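A.B. asks: Can you keep this structure in mind? I'll have questions shortly.
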Amino acid sequence: MCHETPTSQFLGSLITIFGSWFMAWHIYKYDKGRCLVLTRKSAFRWIIVWMFIVAMVLFMIYTVTLTYIKYDEWYTVLPTAEGHTEIMPTPFTRWSSGRQKLVSTCYQLLSAALALNLSIHCEETLYWAYLIGTIRRRDSKSWFSSVNFKLWVGFCVFSMALLFGVANIETKHLIQMERNVIFAGATTASVLLIGSVWLTLVFPGFIQESRRQGANPDVIARLQFFKELNELRTLFRFLYVACLLAVSGDGFTRETPVNTHPFSLDLLFIAGFFFVFISNSFSLMILLPRNTYDSASPSQEGGVFVRRPPVSRAYNQRPRSGPEDGMIILPSNASSINSASGTKKAHTHYSDMETHLTKSSSRPNHNIISPSTSRFSQSPWGILGDRLNIHRSAVEDLELQQSYYNTNDQRRMEEGRSGQRCPRTAGEAGGDDDEDCDKVGQESGLSITLDAPFAPTGGERMLSQDEIEARVEPDVLNNFRSPVDIVVPAAPRDLNIVVVTSTVVEKT
């Protein structure tokens, strides 16, 4: 600002310099700067990261240039009334024409920085709204073909046109130019603040739904961390919007009590800059979350329990009492993909699932998603894992397991409807057996639509809201079952075949 004290302008430049240093440090810690290189997979994230960098550099150029001019012009003595004088920062009307043009150019840069900052703000809200919506609806539409992406592109064009148009309304009177730019940016930010508040309100419900659908602890912990960061970011956004609206809105009044009072002007200016870059730091931490998997050794990673494919209720099965009965333990790094040779080293159960998917690929089943044939970011859960920076192999394993379970469920549903799996002959058709077979098909179809999307224990049917509310916790005595009540299928007996040979030699 061209009418605040040099000291406040110097503090504002320090804030931008330290903000730029924090951004460079965080990007280096994230992936040592590899996110700054354009790749086909992370092209959109590359755009957002460079928008962050360009906006920060423009803010820094604006503040450092104003600091240099303010300290060079310093203070001057001006008459305020008859017989009274006041020492104040030298007004821009006493600056040289070259410096006035330079400051006018700096306000153009400030307009571009605010437009980029608002575009990032809008992208965060729309992107998370897209992720929450696709996961809830089980939609496979990509981000680039969604309505949210089109809205974001339109907002980027609108914000650039608005800020540059407002900045060029008045270019001679620097105080009015400054007022118009800051007021337009603060007003647009206040509208986007509503979206941030909405995201803050719906995010806890999204975490609960993800937990109910079977999200693993890594996803839940990362989502919980993002929720806390988003709450703090929304708070600081509200504070900087209030500061900027107070300073710029006061410029439209006749008395201008805020801008003519040195303490209130410097306080709101410094606080506004501080809150802007604190909220931007939180946005950067959410956009580029540092991954802790790289620092963890493979020996410290725990096992992942993978449930066996669910079987029909038409058959008596022994209840699972432990991992040895109904589960297979896979290490969390059981599947490793060698990108150079394209070969895969997997656990036996993982290989069986992949073999099953390969054999069943001839059938038109759109639920099958194989990491070897589809990109990681095609499904919404893969996009969420990429956004959370969750270890890719873990998410690929979960998606492959999910496809395996869905394929078995669909096969059982088709066989149940056709009567191939029902324990009856053609003469026994009708009666209760038909209802049992129909129930098998319905239950299998229900498990397909309500299966946990990214659960490490896939194949378990997800309860609806009515079932959750109507479910009563079992009583110990009423539901007691003795070991005699448990039907244990007979184990297959070993068949030993003994072959006895005799050799008869006849002597002649």
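A.B. asks: Look at Val241 and say whether it is among the β-branched types (Val, Ile, Thr) and in contact with a Gly (Cβ under 8 Å, 6 or more places away or on another chain).
C.D. replies: Spelling it out, it is not the case that Val241 is among the β-branched types (Val, Ile, Thr) and in contact with a Gly (Cβ under 8 Å, 6 or more places away or on another chain).
A.B. asks: Further, regarding this structure: Assuming Trp46 fulfils every condition listed in (1) in contact (Cβ under 8 Å) with a residue 24 or more places away in the chain; (2) closer than 23 Å to Phe226 by Cα apart from one, which condition is it?
C.D. replies: (1)
A.B. asks: Tally up the residues in region 134-148 that are of a type outside the set (S, T, N, Q) and buried (at least 16 other Cβ atoms within 10 Å of the Cβ), please.
C.D. replies: The qualifying residues number 2.
A.B. asks: Follow-up. Is at least one residue of region 133-143 outside any loop (DSSP other than H, G, I, E, B) and charged (D, E, K, R)?
C.D. replies: Yes.
A.B. asks: Residues Trp21, Trp46, Trp25: which one is in a helix (DSSP H, G or I), closer than 25 Å to Ser159 by Cα and under 35 Å from the mean Cα position of the chain (by Cα)?
C.D. replies: Trp46 is the lone residue from the list that is in a helix (DSSP H, G or I), closer than 25 Å to Ser159 by Cα and under 35 Å from the mean Cα position of the chain (by Cα).
A.B. asks: From the list Arg99, Arg40, which residue is without any contact (Cβ under 8 Å) to a residue 60 or more places away in the chain and either outside any helix (DSSP H, G or I) or among the polar types (S, T, N, Q) (or both)?
C.D. replies: Arg40
A.B. asks: Please work out which one of (1) surrounded by fewer than 20 Cβ atoms within 10 Å (Cβ to Cβ); (2) more than 30 Å from Ile220 (Cα to Cα) is the condition Ile47 fails and give its number.
C.D. replies: (2)
A.B. asks: While we're here: Only one of these is surrounded by 15 or more Cβ atoms within 10 Å (Cβ to Cβ) and touching a Lys or Arg at 6+ places or on another chain (Cβ under 9 Å): Ser159, Ser210, Ser264, Ser196. Name it.
C.D. replies: Answer to the check: Ser196.
A.B. asks: Which one of these does Ala184 not meet: (1) of a type in the set (A, V, I, L, M, F, W, C); (2) buried (at least 19 other Cβ atoms within 10 Å of the Cβ); (3) under 28 Å from the mean Cα position of the chain (by Cα); (4) farther than 19 Å from Ser283 by Cβ?
C.D. replies: (3)
A.B. asks: Restricting attention to region 52-72, does a residue exist that is of a type in the set (Asp, Glu), in a helix (DSSP H, G or I) and without any contact (Cβ under 8 Å) to a residue 24 or more places away in the chain? Full working, then the answer.
C.D. replies: As a first pass, look at region 52-72 and keep what is of a type in the set (Asp, Glu): 72.
Among the residues that remain, those that are also in a helix (DSSP H, G or I) are: 72.
With the extra rule that they be without any contact (Cβ under 8 Å) to a residue 24 or more places away in the chain, the set shrinks to 72.
Within region 52-72, one or more residues are of a type in the set (Asp, Glu), in a helix (DSSP H, G or I) and without any contact (Cβ under 8 Å) to a residue 24 or more places away in the chain.
No value in this document is a laboratory result; all are computed from the given coordinates. Quick caveat: nothing in here was measured; it's all calculated off a predicted structure. Using ideal geometry, Cβ is built from the backbone for each residue, glycine included, and neighbour counts are taken over all protein chains shown.
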